[in-house]
Amino acid sequence: MTVRTRFAPSPTGYMHIGGMRTALYAYLFAKKNNGTFILRIEDTDQEREVPGAMDRIYEALRIADLRYDEGPGVGGDYGPYVQSQRRELYAKYAWELVEKGGAYPCFCTRERLDSARQEYEARGETFKYDKHCLDIPLDEAKRRIAVGEPFVIRQNVPLTGKASFDDVLFGHIEVDCSTLDDTVLLKADGLPTYNFANVVDDHLMGITHVLRGTEYLSSSPKYNLQYESFGWEKPTYVHLPLIMKDASHKLSKRNGDPTFEDLLQEGYLCEAVINFIALLGWSPGNDREFFTLQELEEAFDLKGINKSSAIFDKDKLTWMNSEYIRRMPFDAYLALAMPWFEKAGVVHMDVKRLAELMQGRTEVFNRIPPMVDFLAEMPAFDTALYTHKKMKTDPEVAAKALALAKPVLECVTDWQETTIHDALMAAIAESGMKNGQVLWPLRIAISGRESTPGGAIEIAYLLGKDETLRRLERSIAGLQ
RNA sequence: GCCUCCGUGGUCUAGUGGCCUAGGACACCGCCCUCUCAAGGCGGCAACACGGGUUCGAAUCCCGUCGGAGGUGCCA
C-alpha cells in the first residue's frame, strides 16, 4: 500500500509556522515512503473567507519547495481538492450516515441551543446537545426540509460505551461516549464542518496517514465512530504537538507572532526556517542540526517526533539563519543583500567589498540597514566614544591620533585598503603610538559608531578619500 | 468545571532499567585572538516537576500530587 498524506489548511490569509511544520512533516513522511503528498483546501467556513488566501498557501508551499503530487492546480484522481467544490459529496454522505443511524437531521434554532449552552455553563457542566431532534421520524424530517425549513445534520453519538482511536505517537486514546457531544456534521448552508469533511475526504482521497495538530486529539474518537458507521477503513493517525510562543500561549498571528511569510520578509532564509521548524518537535536521534530538504526526506522518521509541545525560540532560528547566510555562496549573498543596501543608501560605494565585510555579520537581512547606514550619513556622536580603556585612548589621545592620521591620509593617492593600511601603519610606527590608539579614534571619527562592520581602514576605503577626509576634519574640529 | 494529553537546564533536544558524577545545540557569562563588532578557539553557569513504590539498580516501569496545554462552536 502506498502512503498517501495530506496537508489540509484552511485559507486564513497567511501561513502559520505550525501549519508549515505540519505540511513539512506530512510531505517528509510521504517522500520518505515513496508516497504521495496531497494538498487539500478546507474552505468550508464561508464567513471566514479571505480573498486571495489560497494563493498565499500555494505560494508558501512553492517557496518552501514542498511539492504536492495532487491538489488544486496540479490535479489528481481524487479531486476536486477544494472542499467548497465538493459540496454535493458531503450532502450525499451525510444522508448515507443518516440512513446508517450514525447521524440525524436537527431543526433546533441557534436561540434554543445558545440558551441551553448557557444553562449548562451556569451549572459548570459541559454542554451536550440533548438529541432533541433524534426522535423526529425521518419522513417527517424530510417533509420539513422539502418545505424549506433550515436544518443541520448531527452525528449520533451513542449515549453509552467507549469511543477510541490509536495514534502512532500517543497510543490508544479512549473516552466515554457519554462525554461526547452530537456535533454538527453538515451546516445549515449545506457545507460540512471540519468534523465531517475531514472524515469523508480522507476516506475518499485514500489518505493512509493523517498528520495533524494535537488540537484534534480529543475529537478523533468521534471521527472513528463515523468511520465505523460508514464501514470505512481508518487511516493511521499521527497527532503533532503544538508550537508555542511560551509555556502557556500558542504561537499565533493574533498575538503578534510571526507567520511564515513574516519571517521571510524579515530576511530569514526559507531553508533556515524549514530546517529550524523540522527540529521543533522532531529529532533525528543524534546531534545533527543542519539538513537540506532532501536530507530531511532521508532522515525523517515518525519515531523522532516528540509528544510535548515546543516553544518557538526565535533566537535559535536567528543563529541558524546566520549560519545559513555564512555558508551561502558570496554571489547569492550579494543578490539577497542588495535591496537592503539600497534601503540603507550605500550602493554608491564598493558594495561588493561591503558585502564581503557583511556576509559573516548578517544574522537576518533586515538587520543590515542599521549596521551600515552610518556609511551613507555621518551620525552625530559623543566624544566619550573616543575613550576606550583597553585601547588606551581618550579625547586627548584621539586629538593627537587624528592630527597624525589626517596628513597621512591626504597623501594617499591610490585609495585602496592596502595603501591606506601601509601609510597609516608606517606613520603609527614612527610616532611611537600603539595601533589601537590611532585606529580606534580614527574609526570613531569617520563612523561615529562604537562598533562597525570592519575597522578604520575598511571604513575609510568604503567611504572614499573625500568623504573620509571631510568626516575627519569635522571630527577634529569637534574635539577643539 | 468536565474530558483528553503532556512534563530532561531559560529554550530546542539526546536518552526506551546499568554505557548518566545526564550528552549536543541556542542563549548567557569569562578568557584568548583582535583597530571596534562579528567570526573563531578555550572555559563556565544551568535540567531528569514533586512524592511514593517496583528493582541489586530508575530520567527510563507503576501509582498519586502538582504544573501546563488541547478540547468542550452550524471555526478549523
Complete set of residues in segment A:214-244 that are part of a loop (DSSP other than H, G, I, E, B), out of contact with any Lys or Arg (no Cβ under 7 Å at 6 or more places or on another chain) and under 17 Å from A:Tyr25 (Cβ atoms): A:Leu217, A:Pro235
Residue tally, condition modelled with pLDDT under 95 and either more than 8 Å from RNA strand B (Cβ to nearest atom) or over 25 Å from A:Ser309 (Cα atoms) (or both), over segment A:212-226: 0
Any chance A:Leu134 is touching a Phe, Trp or Tyr at 6+ places or on another chain (Cβ under 9 Å) and in contact (Cβ under 8 Å) with a residue 60 or more places away in the chain: no
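Return yes or no: is A:Lys142 away from RNA strand B (no atom under 12 Å from the Cβ) and free of Cβ contacts under 8 Å to residues at least 60 places away in the same chain?
Considered against the rule, which asks whether it is away from RNA strand B (no atom under 12 Å from the Cβ) and free of Cβ contacts under 8 Å to residues at least 60 places away in the same chain, A:Lys142 comes out as yes.
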Answer residue from segment A:424-463, given it is open to solvent by 40 Å² or more (accessible area, probe 1.4 Å) and within 44 Å of the chain's Cα centre (by Cα) and is nearest to RNA strand B (Cβ to nearest atom) among those: A:Ser451
Cross-chain or 6+ apart pairs with Cβ under 8 Å, segment A:273-301 first and in contact (Cβ under 8 Å) with a residue 60 or more places away in the chain, then of a type in the set (Val, Ile, Thr) and open to solvent by less than 60 Å² (accessible area, probe 1.4 Å): A:Ile277/A:Ile17; A:Ile277/A:Ile243; A:Leu280/A:Ile243; A:Gly281/A:Ile243; A:Gly281/A:Ile305; A:Trp282/A:Ile305; A:Leu293/A:Ile274; A:Leu296/A:Ile274
Search result, residues across segment A:409-422 that are assigned to a helix (DSSP H, G or I) and under 14 Å from A:Leu472 (Cβ atoms): A:Leu409, A:Glu410, A:Cys411, A:Ile420
Matching residues in segment A:26-39 - criterion: being within 16 Å of RNA strand B (Cβ to nearest atom) and either part of a strand (DSSP E or B) or polar (S, T, N, Q) (or both): A:Ile38, A:Leu39
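Of the residues A:Ala299, A:Ala278, A:Ala337, which is modelled with pLDDT of 95 or more, aliphatic (A, V, I, L, M) and farther than 22 Å from A:Glu363 by Cβ?
After applying the criteria, what remains is A:Ala299.
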Single match in A:His209, A:His249 (criterion: open to solvent by 20 Å² or more (accessible area, probe 1.4 Å), within 9 Å of RNA strand B (Cβ to nearest atom) and not hydrophobic (A, V, I, L, M, F, W, C)): A:His249
Checking A:Thr387 against (1) touching a residue at least 40 places away in the same chain (Cβ under 8 Å); (2) touching a strand residue (DSSP E or B) at 6+ places or on another chain (Cβ under 8 Å); (3) among the β-branched types (Val, Ile, Thr), the condition it does not meet: (1)
Subset tally (residues that are touching an Asp or Glu at 6+ places or on another chain (Cβ under 9 Å) and at pLDDT 95 or above) for segment A:66-84: 7
Lone qualifier among A:Ile325, A:Ile311, A:Ile305 - being open to solvent by 80 Å² or more (accessible area, probe 1.4 Å), within 14 Å of RNA strand B (Cβ to nearest atom) and either closer than 14 Å to A:Ile274 by Cα or of a type in the set (Val, Ile, Thr) (or both): A:Ile311
Leading residue by the ranking (nearest to A:Asp43 (Cα to Cα)) among those in segment A:188-206 that are surrounded by fewer than 23 Cβ atoms within 10 Å (Cβ to Cβ) and without any contact (Cβ under 8 Å) to a residue 40 or more places away in the chain: A:Ala188
Hits in segment A:165-193 - residues which are more than 8 Å from RNA strand B (Cβ to nearest atom) and of a type in the set (D, E, K, R): A:Asp166, A:Asp167, A:Asp182
Residue match in segment A:265-279 (condition: more than 15 Å from RNA strand B (Cβ to nearest atom) and farther than 17 Å from A:Lys316 by Cα): yes
Complete set of residues in segment A:377-389 that are open to solvent by less than 50 Å² (accessible area, probe 1.4 Å) and under 26 Å from A:Gly345 (Cα atoms): A:Pro379, A:Leu385
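The values are calculated or read from the model by the stated rules, or taken from the named source; none is laboratory data. Please read these numbers as outputs of a predicted model, since none were measured by experiment. Reconstructed Cβ throughout: ideal geometry from the backbone, glycine too, with neighbour counts over all protein chains shown. For the accessible areas, the whole protein counts, side chains as well, though only heavy atoms, and no ligand, DNA or RNA atoms are used. Shrake-Rupley method; radii C 1.70, N 1.55, O 1.52, S 1.80 Å.
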